[in-house]
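Remarks on the structure that follows.
The values are calculated or read from the model by the stated rules, or taken from the named source; none is laboratory data. Predicted, not measured: the structure shown is a model, and the values here were computed from it. So basically every Cβ, Gly included, is an ideal-geometry build from the backbone, and we count neighbours across all protein chains shown.
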Amino acid sequence: MKPILVVGSMAFDSVETPFGKVERALGGSATYFSIASSFFSELKMVAVVGEDFPETTLDLLRNRGVDVSGVQRQSGKTFFWQGKYGYDLNAAQTLETQLNVFEKFRPEIPKSHRSTPYVFLANIDPELQIQVLEQVKDPELVACDTMNFWIQGKPSVLTDLFRRVDIVFMNEGEARQYAQEANLVRAARKILTLGPEWLVIKQGEYGSLLFSKEEVFSAPAYPLEKIYDPTGAGDTFAGGFMGYLSSVGQVTSTSLRKAVVFGSVLASFNVEDFSFNRMLSLNAEQILSRYREFERLTHFHAETEFPSIRLLNSTPR
Ligand code: AMP
């Protein structure tokens, strides 16, 4: 197992979906990521919270084996995000972002965390993500996530960041926006020319795509009847993905494909309730059972010969 260092946001989120709303629920990119990853791996978390952030949430993470000694508590308020989803749950509309303690935050990676083999730069200001990379020592694998807020505000800093990471996670709208390319395959090719070896593009209820320069892998999303809140689905996906990779300790085409499926499994649970509530009642058996359902969902026998298929118009007229 290769432990993971995660740096990202811890937050209060006010979220409205067509199925309900929550005020100041616990969230943040690093929080969702760590909870999902903790099913598979050892986590070291670096983030900042304000005076108003409950110690019980840090205890919850500690109880899941997450090392939160790198989480700074500063005077002021915790990061706050307000978002809204319509019936298209794939696209969040940001109503408000209050950086609060993030405004003056400079990530400081404790000495004991600097040689962690896997690094995940969860969604925060890309300048801070780069500052983290300047402090870590020869990580074996670095992955990052981002969002439209930073693509719009700091695109050239993101380009610098993408040059220095192995895996980039984005959702489809963000990939199109960043690459300025309507076609997703072309957008992916463009992003891969910057330096990352793999790009994961999430398409919400339509699944996800894993691109490298040589191959493309496609996984569906789990067909769910009830989706309450997609907030954190991206971070939870990344948590399942990175957690699985860390548990096998090998980055190969096969392990990456399985990582995509574990990412999809974890994300599919997270959207079943508000905040990360569903993740707290989840157990290993349920994760493995849904992983097997994904296998059944996608498996079919490709014939080597086609005696049962009658192809019409096989000779061009
Ligand atoms: P996602 O997985 O993309 O749905 O991420 C949702 C989480 O991202 C929420 O819990 C928010 O607190 C957090 N978030 C939203 N905007 C930002 C931002 N600009 N920087 C860092 N974290 C953010």
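Looking at R164, is it under 19 Å from the mean Cα position of the chain (by Cα), surrounded by fewer than 17 Cβ atoms within 10 Å (Cβ to Cβ) and more than 16 Å from the ligand (Cβ to nearest atom)? So R164 passes the test.
Those residues that are in contact with a Leu (Cβ under 9 Å, 6 or more places away or on another chain) and within 16 Å of the ligand (Cβ to nearest atom), I need them from the range 133-153; list them, please. The answer is A143, C144, D145, T146, W150, I151. Determine whether V119 is more than 12 Å from the ligand (Cβ to nearest atom) and under 24 Å from L141 (Cα atoms). Yes: the conditions hold for V119. Flag not set for R296, criterion: closer than 16 Å to F40 by Cβ and basic (K, R). Just checking, which of Q250, Q180 is closer than 24 Å to L43 by Cβ and surrounded by fewer than 17 Cβ atoms within 10 Å (Cβ to Cβ)? Sole residue among the options that is closer than 24 Å to L43 by Cβ and surrounded by fewer than 17 Cβ atoms within 10 Å (Cβ to Cβ): Q250. Count of the range 11-34 residues, restricted to those that are part of a loop (DSSP other than H, G, I, E, B) and either farther than 15 Å from V46 by Cβ or more than 8 Å from the ligand (Cβ to nearest atom) (or both), is 2. Take L199 and decide whether it is closer than 22 Å to S29 by Cβ, more than 14 Å from the ligand (Cβ to nearest atom) and touching a Phe, Trp or Tyr at 6+ places or on another chain (Cβ under 9 Å). When the stated conditions are applied, L199 passes them. If the condition is being in a helix (DSSP H, G or I), of a type in the set (V, I, T) and within 13 Å of the ligand (Cβ to nearest atom), then the range 214-268 contributes only T236.
Screening E103 with (1) out of contact with any Phe, Trp or Tyr (no Cβ under 7 Å at 6 or more places or on another chain); (2) outside any helix (DSSP H, G or I); (3) within 16 Å of the ligand (Cβ to nearest atom) gives one miss only, at (2). Close Cβ contacts (under 6 Å, 6 or more residues apart or on different chains) running from residues in the range 233-247 that are modelled with pLDDT of 95 or more to residues that are near the ligand (Cβ under 10 Å from one of its atoms) and of a type in the set (V, I, T) comprise A233/V271. Only one of the numbered conditions (1) touching a helix residue (DSSP H, G or I) at 6+ places or on another chain (Cβ under 9 Å); (2) modelled with pLDDT of 95 or more; (3) surrounded by 15 or more Cβ atoms within 10 Å (Cβ to Cβ); (4) not charged (D, E, K, R) is not met by N90, and that is (2).
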